[in-house]
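Have a look at the structure below, then the notes.
The values are calculated or read from the model by the stated rules, or taken from the named source; none is laboratory data. This structure is a prediction, so every number in the text was calculated from the model and none was measured. All Cβ positions, even for glycine, are placed from backbone atoms using ideal geometry, and neighbour counts span all protein chains on display.
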Amino acid sequence: MLLPSADIARRARQEGWAVGAFNAVNMESIQAILGAAEQERSPVILQITQTTLSYTEPEDLYAIALSAAKRITVPLAIHLDHGRTFEVAMRFIRMGATSVMIDGSLQPDGKTPRTYDENVAITRDVVRAAHAVGVSVEGELGLLGQVAAGESTGLTDPEQAARFVAETGVDLLAVSIGTAHGLYRGTPHIAHDRLREIAARVQIPLVMHGGTGVPDPDVRQAVTEGIGKVNIDTQMRVAFFEACSAQIRLAEAQFAKADAEGGVRKYDIRSLLKPARAAMQEAVANRMRVFASSGKA
């Protein structure tokens, strides 16, 4: 059942759980995400990030996702994560994505900040085009990054967040509350006070990016404070790498034995990818249980 991500996240926020949004880069990650969703009976967002364009064509991933989606029975959104330009957002909408994120907080280089007015302008343009065809839009305000306890630099301003939502018409808002992409240095400090202030002024679902590594109690608390969608990528990557590494070590031992006994080495890529897919699926299922989305399909 394909839905806009906002439809799933609105229900999640109203009912006190969060929907997981998981990054897909290949067939195995798509199968892991959807397999976990079916296993947990959890709504799910499968997302493709703009940076994947440097690896493969998103249309190919979408075709695989759409084929796999025909076999699952839980609510599903297919989402563009961190689109940087209007053109990329339109490409994903034409492809069939049910929701898109326009990250207007940064320029297309992914490093240079946009001004507030520039963010509003590009986000509003994407919202107009997307809403015309029933696609929901996630915007971002603030710059993601770890903060020390009591620090507020870069955090999303609550009053500005309310103004941003009113001026753009976004359906979901990614906020800066002390999370960051990738692995953390030490334990992240989540600005729960700031999150509550934003949620008091913004009625749409809020989004936590950089969910990997945030302590489970912090995640659960953030969900009660207004987070309706949590993005996960690194945790899946770690699970994949660790499972592949274990299989490579096993294969090397088997190769050494074959060489010593005059046998033939067997190179089977599936022997690496199948355990990696299973590990990713368990990583996704684990997050669904933490987000309390299991059983909500």
- Just give me the residues in segment 108-123 being β-branched (V, I, T) and in contact (Cβ under 8 Å) with a residue 12 or more places away in the chain, in sequence order. V120, I122, T123
- Residue check: is G210 modelled with pLDDT under 95 and not in a helix (DSSP H, G or I)? yes
- Query: So which strands (runs of 3 or more DSSP E) are wholly in segment 1-89 and hold at least 3 residues that are among the hydrophobic types (A, V, I, L, M, F, W, C) and in contact with a Lys or Arg (Cβ under 9 Å, 6 or more places away or on another chain)?
  - Reply: 19-23
- Message: Given the criteria in contact with an Asp or Glu (Cβ under 7 Å, 6 or more places away or on another chain), within 24 Å of D7 (Cα to Cα) and either surrounded by fewer than 22 Cβ atoms within 10 Å (Cβ to Cβ) or among the basic types (K, R) (or both), does R196 qualify?
- Response: yes
- Message: Looking at S271 and the list (1) surrounded by fewer than 17 Cβ atoms within 10 Å (Cβ to Cβ); (2) of a type in the set (G, A, S); (3) closer than 30 Å to G16 by Cα, which single condition is not satisfied?
- Response: (3)
- Note on the structure: Log entry, pairs with first residue in segment 6-21 being surrounded by fewer than 17 Cβ atoms within 10 Å (Cβ to Cβ), second being assigned to a helix (DSSP H, G or I), beta carbons closer than 8 Å, six or more apart or on different chains, reads G16/V223; G16/T224
- Within segment 90-106, the residues that are within 16 Å of the chain's Cα centre (by Cα) and either free of Cβ contacts under 8 Å to residues at least 24 places away in the same chain or in a helix (DSSP H, G or I) (or both) are F92
- Tally time: how many residues in segment 36-68 are in contact with a Pro (Cβ under 8 Å, 6 or more places away or on another chain) and buried (at least 22 other Cβ atoms within 10 Å of the Cβ)? 4
- Residue that is surrounded by the most Cβ atoms within 10 Å (Cβ to Cβ) [pool: residues in segment 96-121 that are within 24 Å of E57 (Cα to Cα) and modelled with pLDDT of 95 or more]: M101
- Item | Subset tally (residues that are surrounded by fewer than 24 Cβ atoms within 10 Å (Cβ to Cβ) and either charged (D, E, K, R) or modelled with pLDDT of 95 or more (or both)) for segment 69-81 | 5
- Residue ID - farthest from L141 (Cα to Cα), chosen from residues in segment 213-242 that are in a helix (DSSP H, G or I) and basic (K, R): R237
- Name the residues in segment 33-67 that are aliphatic (A, V, I, L, M) and farther than 17 Å from A297 by Cα, would you? I48, L53, L61, A63, I64, A65, L66
- Note on the structure: Sole miss for Y55 among (1) more than 29 Å from A199 (Cβ to Cβ); (2) touching a helix residue (DSSP H, G or I) at 6+ places or on another chain (Cβ under 9 Å); (3) aromatic (F, W, Y) is condition (2)
- Item | One residue from E252, E225 being acidic (D, E) and under 29 Å from V170 (Cβ atoms) | E225
- Task: Filter segment 39-89 for residues that are among the aliphatic types (A, V, I, L, M), under 17 Å from the mean Cα position of the chain (by Cα) and over 29 Å from E118 (Cβ atoms) and give the result.
- Result: V44, L46, L61, A65, L76
- Note on the structure: Of the conditions (1) under 16 Å from the mean Cα position of the chain (by Cα); (2) at negative phi, the single one that A251 does not satisfy is (1)
